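The values are calculated or read from the model by the stated rules, or taken from the named source; none is laboratory data. Keep in mind the model is a prediction, meaning the values are calculated, not measured. When we count neighbours, we look across all protein chains shown, and the Cβ atoms used for this are built from the backbone with ideal geometry, even at glycine. For accessibility, only protein heavy atoms count, side chains too; no ligands or nucleic acids. Shrake-Rupley method; radii C 1.70, N 1.55, O 1.52, S 1.80 Å.
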Amino acid sequence: MRRSNCGLRLLALTAVLVLQGCGAVYVSPDVHAGAGGVTVVPMTAESVRLANQSPYTPRAIPVAFSQNVTPNDAHASRAIGVLPSAGNAPQPSPMITRIPPQIDPGPYRIGPADVLRLTTLPATNTGTGLAVQEAQTTYTVQDDGMVSIPAVGRVLVQDLTLAQAEAQLFESFVSARIDPTFSLEMAEYHARTVVVGGAVAAPISVPLTPQPLFLDAALARAGGVAAADLTDASIRIYRDSTLYQVPLSAYLATPQFQKIRLLGGDSVYVDTGVSLDQAQAFFARQITLAQTRHQAQAQALGVLNAELDQRRATLSTQRTNFQDQLALDAVARDYVYLAGEVSAPGRFTLPFGRDATLADALFSEGGFSSQTGNPAQIYVLRAGDGGAVTAWQLDARNVGNLVLATQINMRPNDIIFIAEQPVTRWHRVVQQIVPSLITSGAGLAAN
């Protein structure tokens, strides 16, 4: 009788093991080619290229995150209004010869109203390779000494040399994560000028450039001296609240006087009369004009700053509202789903404005364990037309193939699946068998 019971027990145990081996207790998920219209495609450089041809436009980040706060030139112009005119120059009187000190101002330093030319070399994809195409843009230095460059922001360049401004822009490009391949040059000079008036053919305001501006060149730019009687003629220079004067006869006879170097802010007046008061009145009007312009610019700058503050507040509110909606999952997003032997099954959110790869989705969520996951069976499942499914299979037993994971781009609703190791499957079978054996054995023993 005992032998009969032992035989029954052995038969029961054998039946349990057979059931386990047949998968009656544990069902292992896997990817089966042909079942349900599934096509398995080994992941290679060529198949990755084909997979990436699937059309997809990443969701764009809201405009508020890409806008820069830039001034509105129309507002500044309205604030400045109409500036007074210096009027026609009066007829000053002769003075004792007195020449201004010769000063070397050093390298040219950028100032408001100067125009900079920025040349970039963006790379474009022509289909057959990358092509580099030169692009030039000009930027006017604003009253606060800054230039506003899209995607970079406002950069202070006032009182910098061209080389220093180029270095400053380089740092700004790097900080904004933009390719700092560019060149910078002066397009127009407006920050520093010399006013030439009086008995000249055409009164003019001459901009200073890196090249020195001498008195003879400034008079030539104004068309030369235009006076019938040069007996009492003289050239007066107003600089830094001081009046200098050179008789025209001495000027014509002395090359040293002709090469007097002029500085920004100088006023040159060719005088053929004898009234010093009139000359002083001319320079006083120049001073008043400069002060009025400065006050108007200060007023415009105040209006500009108020406008910029308002724009910053608006952008900040838009960004905060969007981030709150994002935190509440109230913003439409695209997802990739992770299943199988991944470390953290769930969904990976595709980023704004760019593609994400298999490596991004897999390893940003913890990757997978090589103890339970089968590196030879890493799949990207993608639904096609008519219900067909393509399973791009990555065999990562050769670690070099993981490079392909950084090249294949994800698409919305892709499923990343990693099959289990064979030993993991049997381990899980045993985990389910053991409780059954204990229960069966206890029951048999009771009988």
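Just the number please: accessible area per residue for region 343-392, 1.4 Å probe, all protein chains included, in Å².
46
For region 355-369, just list the computed ³J(HN,Hα) in residue order, Karplus coefficients 6.51, -1.76 and 1.60, θ = phi - 60°, integers in Hz, with x standing in for Gly and Pro.
7, 10, 9, 4, 5, 4, 5, 6, 7, 6, 9, x, x, 8, 8
How much of the accessible area of region 280-362, probe 1.4 Å, is carbon plus sulfur, in whole percent?
51
Would you work out the charge dipole size for region 237-359 about its Cα centre, treating the Cβ of every Lys and Arg as +1 and the Cβ of every Asp and Glu as -1, and quote it to the nearest 20 debye?
Approximately 260 debye in magnitude.
Tell me the relative contact order for region 323-408 as a rounded percent, counting alpha carbon contacts under 8 Å between residues six or more apart.
22
In whole Hz, with x marking every Gly and Pro, tabulate ³J(HN,Hα) for region 292-297 from phi via Karplus 6.51 cos²θ - 1.76 cosθ + 1.60, θ = phi - 60°.
4, 4, 5, 5, 5, 5
Work out, in µm²/s and without decimals, the Stokes-Einstein translational diffusion coefficient of region 205-354 at 10 °C, 1.306 mPa s, Rh from Kirkwood over C-alpha pairs.
Translational diffusion coefficient: 72 µm²/s.
From the phi of every residue in region 236-251, what ³J(HN,Hα) in whole Hz does the Karplus formula 6.51 cos²θ - 1.76 cosθ + 1.60 yield, where θ is phi - 60° and glycine or proline is x?
10, 10, 10, 9, 6, 6, 10, 9, 10, 8, 10, x, 4, 5, 5, 4
Please name which of 210, 197, 169 has its Cα lying farthest along the dipole of region 153-212 towards the positive end, using unit charges on Cβ (Lys, Arg +1; Asp, Glu -1) and the Cα centre as origin.
Checking the options against the dipole of region 153-212, the answer is 197.
Can you sort 303, 403, 41 by 1.4 Å-probe accessible area, starting with the largest?
Largest accessible area first, the list is 403, 303, 41.
Percent of accessible area on region 176-238 owned by carbon and sulfur, 1.4 Å probe?
51
Check residue 378: other-chain or 5+ apart residues with amide H under 5 Å from its amide H, H built from backbone geometry?
Residues meeting the criterion, in which the H sits 1.01 Å from N, are 394, 396.
With Cβ to Cβ distances under 12 Å as the rule, what net charge do the other residues near residue 200 carry (K, R +1; D, E -1)?
Here the count lands on 0.
Mind checking the per residue accessible area of region 189-252 for me, 1.4 Å probe, whole number of Å²?
Ligands and nucleic acids excluded, the figure is 44 Å² per residue.
Can you pull out the trypsin sites (Lys or Arg not before Pro) in region 150-217 that DSSP calls coil and that have at most 12 other Cβ atoms within 10 Å?
Here the trypsin sites (Lys or Arg not before Pro) that fit, given the DSSP loop and packing criteria, are 177.
If packing is taken as the average count of other Cβ atoms within 10 Å, what order do 384-391, 212-219 fall into, highest mean first?
Per-residue Cβ counts within 10 Å, averaged per peptide and sorted highest first, yield 212-219, 384-391.
Under a 5 Å amide H to amide H cut-off, with H placed in plane at 1.01 Å, what residues pair with residue 41 once short-range neighbours are removed?
Under 5 Å from the amide H of residue 41 lie the amide H atoms of 391, 392, 393, each far enough along the sequence or on another chain.
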